[in-house]
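Notes follow the structure.
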Amino acid sequence: MHEDLSTILIDRDSIAERIEALAADLERDLRAKVQGSDLIVLPIMTGSVVFMADLMRHLPIPFRIEPVRAISYVGETTVATQPVEVEGFHAQSLKGCHVLIVDDVLDSGRTITCLRAMAEEAGAASVMVCVLLRKETAPDVPCEFIGFDIPDEFVVGYGLDYNGLYRNLPDIGVLSPEVHQS
């Protein structure tokens, strides 16, 4: 699978170091904010599963996990005219709780914007967002915790996919144009 990458953008060691630092930032900010209130983490599946698993191992504060599935892509590309479909969102469980949305990549911002609005409408005490990657295409989308800012490249690995493949690569790499444009 590595032969399908044009370059490794972020290696596994850099990812591990940054996740540990992100968890320390989250702990500091959340511990002060939550103080006895419930914290609910909404990881956006399937892309964030690897990131979420590593992040939660470094986060020593109590929280519940309520995975959601957001569909803003059909096949290989985004469908900007279609609304984001969200599955597994339980509005009643968020009322009065602090919510942390966790996603793999902030690209267009449609999914994050939609989920933030849904959590706020559900009566969450606060809503914050943590993403592993933020593309240069979404600099104005509110996001409190960012692992890496990256260029607008087609990236795979560490949970990110192309047509359901490459999620198991330990590094984040740029997929060769010949692969995703064929």
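The values are calculated or read from the model by the stated rules, or taken from the named source; none is laboratory data. The model shown is predicted, which means the values in this text are computed figures rather than measured ones. Cβ atoms come from the backbone with ideal geometry, glycine included; neighbour counts cover every protein chain shown.
Yes or no: Leu9 over 23 Å from Glu120 (Cβ atoms), in contact with a strand residue (DSSP E or B) (Cβ under 8 Å, 6 or more places away or on another chain) and either at pLDDT 95 or above or assigned to a loop (DSSP other than H, G, I, E, B) (or both)? Taking the combined requirement at face value, the residue satisfies it.
Considering only segment 39-62, state which residues are part of a loop (DSSP other than H, G, I, E, B) and either surrounded by fewer than 16 Cβ atoms within 10 Å (Cβ to Cβ) or free of Cβ contacts under 8 Å to residues at least 24 places away in the same chain (or both).
First pass over segment 39-62, keeping only residues part of a loop (DSSP other than H, G, I, E, B): 46-48, 58-62.
Of everything in segment 39-62, those that are part of a loop (DSSP other than H, G, I, E, B) and either surrounded by fewer than 16 Cβ atoms within 10 Å (Cβ to Cβ) or free of Cβ contacts under 8 Å to residues at least 24 places away in the same chain (or both) turn out to be Thr46, His58, Pro60, Ile61, Pro62.
Condition check for Val102 on (1) more than 24 Å from Leu59 (Cα to Cα); (2) within 12 Å of the chain's Cα centre (by Cα): one failure, at (1).
Residues in segment 133-182 that are on the phi < 0 side of the Ramachandran plot, part of a loop (DSSP other than H, G, I, E, B) and of a type in the set (Ser, Thr, Tyr): Thr137, Ser176, Ser182. Among residues of segment 1-21 that are within 18 Å of Pro60 (Cβ to Cβ), those with a Cβ under 8 angstrom from a residue that is among the aromatic types (Phe, Trp, Tyr) and part of a helix (DSSP H, G or I), sequence gap 6+ or separate chain, pair up as Ile19/Phe51. Applying the criterion of being hydrophobic (A, V, I, L, M, F, W, C) and surrounded by fewer than 19 Cβ atoms within 10 Å (Cβ to Cβ) to the residues of segment 117-137, the residue that is nearest to the chain's Cα centre (by Cα) is Ala117.
Output the residues belonging to segment 121-137 that are closer than 20 Å to Val99 by Cβ and aliphatic (A, V, I, L, M).
Taking segment 121-137 first, the residues closer than 20 Å to Val99 by Cβ are 121-132, 134.
Correct list: Ala122, Ala124, Ala125, Val127, Met128, Val129, Val131, Leu132.
Remark: pairs (first residue in segment 93-104, under 13 Å from Gln35 (Cα atoms); second residue assigned to a strand (DSSP E or B) and not charged (D, E, K, R); Cβ separation under 9 Å; 6+ apart in sequence or on different chains) = Cys97/Leu39; Cys97/Ile40; Cys97/Ser126; His98/Leu39; His98/Ile40; His98/Ser126; His98/Val127; His98/Met128.
Scanning segment 138-173 for residues that are surrounded by 18 or more Cβ atoms within 10 Å (Cβ to Cβ), aliphatic (A, V, I, L, M) and more than 18 Å from Glu20 (Cα to Cα) returns Ala138, Val141, Ile150, Val155, Val156, Leu160, Leu169.
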